[in-house]
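Engineer: Here it is, the structure in full.
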Amino acid sequence: MAQLYDCRDAFAAALEEIATNDLRICAVVNDSVGSSKVANFGKRFPDRLINVGIAEQTMVGLAAGLANSGKIPFVCAASPFLTGRALEQIKADVAYADANVKLAGMSPGLAYGELGPTHHSIEDLAWTRSIANMTVIVPADPLETDQAIRAAAEHHGPVFLRIGRMPVPMVHDDDHRFEIGKAACLRDGRDITLIAAGTMVSRALQAADLLVAEGVQARVLNMATIRPLDTDAVLAAAVETGGIVTVEEHTIYGGLGGAVAEAVVVKHLVPMRILGVPGIFAPTGSAEWLLEHFGLTAQGIRDAALELVQAKV
Amino acid sequence: MRLVDTQHVERLRTLATAIRRRDLQMVYDAKLGHIGGDFSDIDILVALYFSVLRVDPNKPNNPDRDRFILSKGHSAGALYTTLAYRGFIPLDELNTFAQPLSRLNGHPDRKKVPGVETNTGPLGHGLPVAVGCAVAAKIDGAAWRTFVLTGDGELQEGSNWEAALSAAHYKLDNLTVIIDRNGLQQGDFTERTMHLDPLAEKWRAFGWSVREVNGHDYAALLDVFDQLPFEWGRPNCIIAHTHKGQGVSFMRDRPAWHHRVPNAEEYAQALQELDAQGGEHGSAL
């Protein structure tokens, strides 16, 4: 069994490290010191941890003010409340005003499991990706999380990052180099392409293993940047493999699958399957149970891919 | 009380009348704008830009500048006209207000207009951003100050009160909110729509140091700005009692003039009234 990681640890470590050398780095939280793992950041840089209390609109607006005054704030808060409660601040104060704010949506997707749909963040990619001037990143493992935090800090402009708490294995080799807007091809294949992000990347890789037994060679792309989308990688997948399955811990409307479909429709039409939460509020269940329930497993991805390959013939 | 320079006050008053006149012309030409709210806050803007703010139109991005944020972004016409008279943008450019591809959108855009610090329009956004500016200055130990002008109806937005808590918690005595207390909002009087009074007590309860002033009295405005910070360790709140549509008799205190555009007859009468107040003589100081 591969070792599993909580990407928030890599996030917190990277943030502290860049804050050591760059005095502009701040953390802004909504009482989410523990859940964002920034307690140690606060100990080391007390004047650069701004806790506004349970007040998401001010959290994001304040971050825009910091950014417009030369700071590089990382807003660290549970993704459902950061994106849902403060969406207008994200649109107007951050994206439209081009404030150099980094929004770290913690524990996204179904991570809060039994706490229910109020705490699930399965709309955040659709919301953030539809706003002009936003960059949207979903790292898949601790290595990529570390690199994505550094890339976000160096990138001038608004960035939304999803920082998962669901345990994930390392999917990248040490020589992986995350680049904003570039998909990583983790496995090549000619029969079909699995495009995944975040927690779903390791499951897509496992699905590709299962597909070998069916004589299917699947390409696996880690689409860590949802916007700007790597349309070249999508086009190549469409042309070279003839079918695409997307998989995301998000509603099937407007997220990764939507983004890929938009590119496929315009550039090179091929059959697709979009795996995710099928446009409903999730029933009660643990995060792991919910992923199973919605078929967001290696087996579920394999089944969808196989069905698509067979439909192609 | 500082000794008020009556000549200076008279110059500001004349300038404000000229700005009202130019703003009215702009709104009339564009057939779009919020003239009532503009006329309510122009005296505050003139006092700030011509007597209080440490800003330099030649260096609009100077890191040490005072920040001014117009939270009531629909009053962009007043801001643009004031910025033009202060030299941030060419006076001629006011002719482009709301025209296709103009920098002068119906609400201000900091990426396009020098002197604009954040993009406003939706209400309740300015104060949180201003708190962020003031926190940044505190982190840096910098001397520059942050001012934010809000409407009064706008205070019905809960985000303001979140930010009010933060400003007091972080002891932002380098932050000043000015409330354009004209008592009107788009549809009706504020107190008939959603009670705000007792307003000063609310801000005091939130930990702010509060002063009330006649928002059209330059001597009083300059005097109150001169006293900043009111108390060490507390954010400053100035409740400026104003009249929507100030300067034109038939607009004053009338809810209808929130975003009504005058017809030709009304325009002529308004110009006549402003000219009688010396509006045609105003020029940049």
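Since every read-out is calculated from the coordinates, none of them should be taken as a lab result. What you are looking at is a predicted structure, and each value in this text was computed from that prediction instead of being measured. Ideal geometry is used to build each Cβ from the backbone, glycine not excepted, and the neighbour counts take in all protein chains shown.
Engineer: Could you tell me which helices of chain B pass both thresholds, a Cα extent of 20 Å or more along their own axis and a mean Kyte-Doolittle hydropathy of at least -0.5, with helices taken as whole DSSP H runs?
Structural biologist: Helices meeting the span and hydropathy rule in chain B are B:126-140.
Engineer: OK, next. Could you work out how far helix A:298-312 tilts from the main Cα principal axis of chain A, as a 0 to 90 degree angle to the nearest 10?
Structural biologist: Around 50 degrees separate the two axes.
Engineer: I'd like the orientation of helix A:200-212 relative to chain A: the angle between its Cα long axis and the longest Cα principal axis, in ° from 0 to 90, rounded to 10.
Structural biologist: Its long axis makes an angle of about 10 degrees.
Engineer: In addition: Exactly which trypsin sites (Lys or Arg not before Pro) in the range B:171-201 are in a DSSP loop and have at most 16 other Cβ atoms within 10 Å?
Structural biologist: B:Lys171
Engineer: Around A:Ile72, which amide H atoms from residues at least 5 apart in sequence, or from another chain, sit under 5 Å from its own amide H, with H modelled in the peptide plane?
Structural biologist: Here the answer is A:Ile25, A:Cys26, since their amide H atoms fall under 5 Å of that of A:Ile72.
Engineer: Ignore the peptide's own chain and count Cβ atoms of other chains within 10 Å of each Cβ in A:47-58; give me the average, rounded.
Structural biologist: Per-residue shielding by partner chains comes out at 6.
Engineer: Also, I was wondering about something else. What do the square roots of 5 times the Cα gyration tensor eigenvalues come to for chain A, in whole Å, largest first, as semi-axes of the equivalent ellipsoid?
Structural biologist: Sorted largest first and rounded, they come to 33, 19, 18 Å.
Engineer: How large is the dipole of the range A:7-163 about the Cα centre if only Lys and Arg carry +1 and Asp and Glu carry -1, each at its Cβ, rounded to the nearest 20 debye?
Structural biologist: Computed about the Cα centre, the dipole is about 220 debye.
Engineer: Using θ = phi - 60° and the Karplus relation 6.51 cos²θ - 1.76 cosθ + 1.60, list the HN-Hα couplings for the range A:216-232 in order, rounded to whole Hz, with x at every Gly or Pro.
Structural biologist: Along the range A:216-232, the couplings run 10, 9, 9, 7, 10, 10, 8, 8, 6, 9, 7, 9, x, 6, 7, 5, 5 Hz.
Engineer: Computed over the Cα atoms of the range A:1-51, what is the convex hull's projected area averaged over all directions, in nm²?
Structural biologist: With the hull built on Cα positions only, its mean projection is 3.8 nm².
Engineer: Right, something else. How big is the Cα convex hull of the protein assembly as shown in projection, averaged over all directions, in nm²?
Structural biologist: 28.9
Engineer: Could you point to the residue in B:Cys237, B:Tyr80, B:Thr118 farthest towards the positive end of chain B's charge dipole, with +1 and -1 charges on the Cβ of Lys/Arg and Asp/Glu respectively?
Structural biologist: Value: B:Thr118.
Engineer: Kirkwood hydrodynamic radius of the range A:184-312 from all distinct Cα pairs, in Å?
Structural biologist: Result for the range A:184-312 stands at 14.3 Å.
Engineer: Once amide H atoms are placed 1.01 Å from N in the peptide plane, what residues at a sequence separation of 5 or more from B:Asn182, or on another chain, have their amide H within under 5 Å of its amide H?
Structural biologist: Hits under the 5 Å cutoff: B:Asp152, B:Thr242.
Engineer: Please list the radius of gyration and Dmax for the range B:95-242, considering alpha-carbon atoms only, with Å as the unit.
Structural biologist: 15.9, 47
Engineer: Restricting attention to the range A:214-308, which chymotrypsin sites (Phe, Trp or Tyr not before Pro) occupy a DSSP loop and are surrounded by at most 14 other Cβ atoms within 10 Å?
Structural biologist: Passing sites in the range A:214-308 are A:Phe281.
Engineer: A further question on this structure: Identify the trypsin sites (Lys or Arg not before Pro) of the range B:99-157 meeting these criteria: DSSP loop state and at most 15 other C-beta atoms within 10 Å of the C-beta.
Structural biologist: Here the trypsin sites (Lys or Arg not before Pro) that fit, given the DSSP loop and packing criteria, are B:Lys111, B:Lys112.
Engineer: Something else: Which residues in the range A:161-192 have a backbone N closer than 11 Å to a point placed 7 Å from the Cα of A:Glu154 along the Cα-to-Cβ line?
Structural biologist: A:178-180
Engineer: Follow-up question, since we're still on this one. Given the C-alpha centroids of the range A:28-79 and the range B:8-85, what is the distance between them in whole angstrom?
Structural biologist: 33
Engineer: With +1 on the Cβ of every Lys and Arg and -1 on the Cβ of every Asp and Glu, and nothing else charged, how large is the dipole of the range B:6-276 about its Cα centre, in debye rounded to the nearest 20?
Structural biologist: With Lys and Arg at +1 and Asp and Glu at -1, about 520 debye.
Engineer: Give the average over all directions of the projected area of the C-alpha convex hull of the range B:100-178, one decimal, in nm².
Structural biologist: 5.8
Engineer: Starting from one equal scatterer on each C-alpha and no solvent at all, send me the Debye-based log10 I(q)/I(0) for chain B at q = 0.08, 0.09, 0.10 Å⁻¹, two decimals.
Structural biologist: Those come out to -0.30, -0.38, -0.47, one per q.
Engineer: Treating the angle as unsigned and between 0 and 90°, give the value, to the nearest 10°, between the Cα long axis of helix A:7-21 and the longest Cα principal axis of chain A.
Structural biologist: 40
Engineer: Of A:Val220, A:Val239, A:Val33, which is the most mobile in a GNM of chain A whose springs link Cα atoms less than 10 angstrom apart?
Structural biologist: Comparing A:Val220, A:Val239, A:Val33 in a Gaussian network model of chain A, the most mobile one is A:Val239.
Engineer: Would you mind classifying the range B:148-192 by shape? Square roots of the alpha carbon gyration tensor eigenvalues, ordered a ≥ b ≥ c; an a/c under 1.5 is rounded, otherwise it is prolate if a/b is larger than b/c and oblate if not.
Structural biologist: Prolate is the answer for the range B:148-192, as a/c is 1.5 or above and a/b outweighs b/c.
Engineer: Oh, and also: Within chain B, which is the longest segment that contains none of the chymotrypsin sites (Phe, Trp or Tyr not before Pro) sitting in a DSSP loop with at most 15 other Cβ atoms within 10 Å?
Structural biologist: Of all site-free stretches, the longest is B:1-231.
Engineer: Report, to one decimal in Å, the Kirkwood hydrodynamic radius for the range B:182-285 based on all distinct Cα pairs.
Structural biologist: This gives a value of 16.2 Å.
Engineer: If you don't mind, there's one more thing I want to ask. Taking amide H atoms as placed 1.01 Å from N in the peptide plane, list the residues 5 or more away in sequence, or in a different chain, whose amide H sits under 5 Å from that of A:Ile137.
Structural biologist: Hits under the 5 Å cutoff: A:Phe160, A:Leu161, A:Arg162, A:Ile226.
Engineer: Another question about this same structure. Kirkwood hydrodynamic radius for the range A:7-163: how many Å is it when counted over pairs of different Cα atoms?
Structural biologist: The Cα-based Kirkwood calculation yields 14.9 Å.
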